[in-house]
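These notes concern the structure reproduced below.
Every number here is computed from the coordinates shown, using simple stated rules; none is lab data. On a predicted model such as this, the values are computed, not experimentally measured, just so you know. With ideal geometry, Cβ positions are generated from the backbone for all residues, glycine too; neighbour counts draw on all protein chains shown.
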Amino acid sequence: MSTFLLTAIAMLAFAANSLLCRLALAEGLIDAGSFTLIRLLSGAVTLVFILLLRGNWRSQLPTTTFSVLAGLALFGYAALFSFAYINLTAGTGALLLFGAVQLTLLALYWWQGQSFKPLELAGITVSLIGFAWLMLPSATRPDAWSAVLMVVSGSCWAGFTALGKQAPSPSSGITWGFVVASIMGLLLSPFLLDFTGFTIKGILLAISSGAVASGLGYVFWYQVMQKLSLLQAAVSQLSVPVIALALGSLLLDEMLTLHSLMTSAIILSGITLVFLSRSQNASKNSPSQ
């Protein structure tokens, strides 16, 4: 499967996850802690079942260090994301989350000794301007504590993304990350669960988020992370709000405005510049035929 298609599937899963979370939490169908725990458990069960079915449970096992770090990062992202959105609007949350993801991954890219080429800088700038323009109309002054939670959540997700380049295999890496995150969730369940906030619809949305959008979607993401640079991984995630807008229009009858179409085009243009710069560099560095 091509890198572009893998990236597109992963971004589609991320966008679907945003919609599922928004439906469950915004409508009060389930509380944030219960949503997080069910999401992690359903993802872990699904992935373990797939590994057992394929008969490769013990093949390419990640190290204990990797599993613990991936589990910590995944739990931190999922839990903080859910609780932060209780007092944040969708636009404000997205700005804080993706801003933290971008800054963390770009800092890691630079810390590894990588330099930014002119076309890459242009692409980053264009996509970030488009993203800010897209989200600012729905952004409000955030609650300080919720803002901190979302920024840390974004940093956790960036760490989880970067770990993908070290996974022995995408399926085993994601599975063990979910297993460790689920264990953490169960240990902290007395502080997470609110049994008065359950509805059947909310539980089903959390299971869908965990088993499909998170579990299977993250497997695709770890597959593509072994082919992308941290820079490409950072910028490509700015397409998630664009995809979420399209899905919201198709599935939730949300209106697409000229503003959202224009800003979406700007974001995608910036992402294209970053990937174009990478492909040009690869062509220059490849030996002549």
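When the inverse distances between all different Cα atoms of the range 3-282 are averaged and flipped, the Kirkwood radius reads 18.9 angstrom. Within the range 94-109, what residues put their amide N at less than 14 Å from the label point 7 Å along the Cα-to-Cβ vector of residue 144? None, by backbone N distance to the label point. Cβ crowding within 10 Å, taken as a proxy for footprinting-reagent exposure, orders 200, 30 from fewest neighbours to most as 200, 30.
Of the candidates 265, 32, 13, which one comes out as most mobile in a Gaussian network treatment of the chain with C-alpha springs shorter than 10 Å? Ranking 265, 32, 13 by mean-square fluctuation puts 265 first.
Every Cα-Cα pair of the range 92-240 was included, and the share exceeding 25 Å stands at 40 percent. Full extension of the chain between residue 54 and residue 262 gives 70.4 nm of extra length, using 0.36 nm per residue less the Cα-Cα distance. Once R0 is set to 22 Å, what does the formula 1/(1 + (r/R0)^6) return for the Cβ-Cβ distance between residue 249 and residue 86, expressed as a FRET efficiency to the nearest 0.05? With a Förster radius of 22 Å, E is 0.30.
Counting other beta carbons within 10 Å of each Cβ, put 141, 39, 22 in order, fewest first.
Ordered by Cβ neighbours within 10 Å, fewest first: 141, 22, 39.
Remark on residue 188: its backbone amide H falls under 5 Å from none of the residues 5 or more positions apart or on other chains, H modelled at 1.01 Å from N. Ordering 34, 214 from the fewest to the most neighbouring beta carbons within 10 Å gives 34, 214.
Taking θ as phi - 60° and the Karplus parameters 6.51, -1.76 and 1.60, the scalar couplings of the range 111-119 work out to 5, 6, x, 7, 10, 8, 7, x, 5 Hz in sequence order, x denoting glycine and proline. 3J(HN,Hα) along the range 45-54, derived from phi through the Karplus expression 6.51 cos²θ - 1.76 cosθ + 1.60 where θ = phi - 60°, amounts to 4, 4, 5, 5, 4, 5, 5, 5, 5, 7 Hz, with x in place of Gly and Pro. Label sites at residue 132 and residue 26, each approximated as a point 7 angstrom past Cα along Cα to Cβ, lie 2.5 nm apart.
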